[in-house]
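First the structure, in the form of structure tokens, and then the observations on it.
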Amino acid sequence: MSVPRLGNAQARAIFLARHGLGRASIGADAEAVIEGLGFVQIDSVSVVERAHHMILWARNPKYRPNDLDKIHARGAVFEHWTHDASVLPMASYPYWRLKFRRDEDGMAERWKRWQREGFEERLDTVLERVARHGAVMSQDLKEDGSAKKGTGWWDWHPSKTALEFLWRNGRLAVARREGFRKVYDLPERVIPSQILRSEVSESAVLAWACDAALVRLGVATSGEIAAFFALVRPKEAAIWCAQECAAGRLLEVDVEGADGQWKRAFARPETLAEHPEMSSRLRVLSPFDPALRDRKRAERLFGFHYRIEIFVPEKQRVYGYYVFPLMEGDRLVGRVDMKADRARDRLAVAAVWPEVGVAFGKQRLAKLEAELNRVAALAGVSEVVFAAGWLRAPMQRQA
């Protein structure tokens with residue numbers, strides 16, 4: 001039997017539509033968007049606005065940062081770990097108990113090697129402190145002189161490490177954030193009781209996680225399915241795919257990449273009939289947008305090579321410290337280096353680089369201007385200011 005083929009344009013459209021970047025919306029508010037995406041990665045860098053806010057805003061330009069605080073406060077979402085710190089729909093919490101157990105099994109030894117000596121002796125003390133006296137931030141527990149100075153964000157004092165360990169294994173939860181600092185509390189004070197009482201078998205967790213990932217990816221390899229939530233192991237995802245194929249619920253398909261090469265993947269049979277309409281809007285995306293998080297997948301589908309250069313010495317950067325991808329319809333058409341200069345009440349645009357083969361003519365420049373004005377509103381500044389020579393020549397792919 002021949003293997004069905006899915007052309008590149010259709011594969012991009014299916015993926016983007018399921019990620020809320022097509023013409024149809026995946027939700028009218030932040031809670032619905034997070035449910036549609038499965039998770040939203042949290043990141044502290046705020047060159048324009050923090051990544052989680054930009055991810056939600058890209059799908060709903062009316063979104064504002066305090067919207068996320070509101071839904072967190074009413075118990076609609078919780079914070080935990082996927083491939084990184086993320087905010088997830090509260091209904092996912094019972095499935096995350098598997099991650100709590102698996103993380104705890106491997107963290108203790110890794111963290112002791114990761115300059116965290118002494119935190120294990122603080123676990124019971126920290127947990128008792130929270131139980132007796134209520135929610136805490138790490139600064140409430142800092143031992144005098146315990147943290148090293150000046151070597152970076154990873155210099156956690158033992159009680160901070162204990163808090164993070166207890167959060168990762170599910171014995172604490174994040175109640176809220178204050179100035180981006182986590183506020184930790186007992187799960188029974190944060191997680192709705194009916195959710196906290198819910199138990200799910202390991203086999204049900206694995207099936208849910210694989211299916212939920214494929215729903216959001218549309219077409220994917222077993223490795224991409226496993227990596228989506230980082231909740232199941234690659235071998236477990238491969239077994240699930242084989243079982244679903246044997247049952248006739250899943251098909252092997254060949255998917256065309258942006259370079260014309262074909263790659264074997266999996267899809268539900270009904271997915272092959274989907275031809276979602278794409279939006280014509282030009283959007284600024286966060287570097288951590290879930291549509292781009294898997295860099296290899298993004299490069300295969302869109303021909304878009306992206307690397308964050310925060311940790312690259314300034315003179316060695318190709319584009320800039322924190323550069324935002326530009327998406328138009330189903331194409332990644334460029335990237336923009338910009339910063340919210342709140343002291344001067346402006347969005348300062350240093351440079352825009354079109355992708356190779358993309359021209360920024362009058363119509364596309366008008367779309368860009370409209371989008372940057374929306375970005376300025378999100379950032380809370382009044383005007384957009386362009387540096388001299390801001391529109392650059394396309395750059396060939398960098399290794």
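The values are calculated or read from the model by the stated rules, or taken from the named source; none is laboratory data. Predicted model, so just to flag it, every value in this text is computed and none were measured. Ideal geometry is used to build each Cβ from the backbone, glycine not excepted, and the neighbour counts take in all protein chains shown. SASA here: full protein model, heavy atoms, side chains in, ligands and nucleic acids out. Shrake-Rupley method; radii C 1.70, N 1.55, O 1.52, S 1.80 Å.
Summary table
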quantity	calculated
Longest site-free stretch - the chain; sites: GluC sites (Glu not before Pro), DSSP loop, at most 12 other Cβ within 10 Å	278-399
Proximal aspartates and glutamates relative to Lys70, as straight alpha-carbon distance under 16 Å, when same-chain residues fewer than 8 apart are discounted	Asp29, Glu31, Glu35, Glu79, Glu178
Separation of the His305 and Ala388 label points, Cα + 7 Å toward Cβ, nm	3.2 nm
Subset of Lys315/Lys362; Lys315/Lys367; Lys235/Lys263; Lys62/Lys367 violating a 21 Å alpha-carbon distance limit	Lys315/Lys362; Lys315/Lys367
Share, in percent, of DSSP beta bridges within the chain that are antiparallel, nearest 5	85 percent
Loop-resident sites, the stretch 173-240, for chymotrypsin sites (Phe, Trp or Tyr not before Pro), counting at most 11 other Cβ within 10 Å (DSSP)	Phe180
Shape of the stretch 247-306, Cα gyration tensor, a/c cut at 1.5	prolate
Shape category assigned to the chain from the gyration tensor of Cα positions, a/c cut at 1.5	oblate
Solvent-accessible area of Ser46 with every protein chain in place, 1.4 Å probe, in Å² to the nearest 10	50 Å²
DSSP-assigned coil residues among trypsin sites (Lys or Arg not before Pro) in the stretch 277-313, each with at most 16 further Cβ atoms within 10 Å	Arg281, Arg307
Magnitude of the charge dipole, the chain, Cβ model with Lys/Arg +1 and Asp/Glu -1, debye to 20	700 debye
Low-density loop positions, chymotrypsin sites (Phe, Trp or Tyr not before Pro), the stretch 263-312 - DSSP coil, at most 11 other Cβ in 10 Å	Phe311
Set of aspartates and glutamates with alpha-carbon distance to Lys296 below 19 Å, sequence-local pairs under 8 removed	Asp84, Glu224, Asp254, Glu256, Asp259, Glu309, Asp330, Glu355
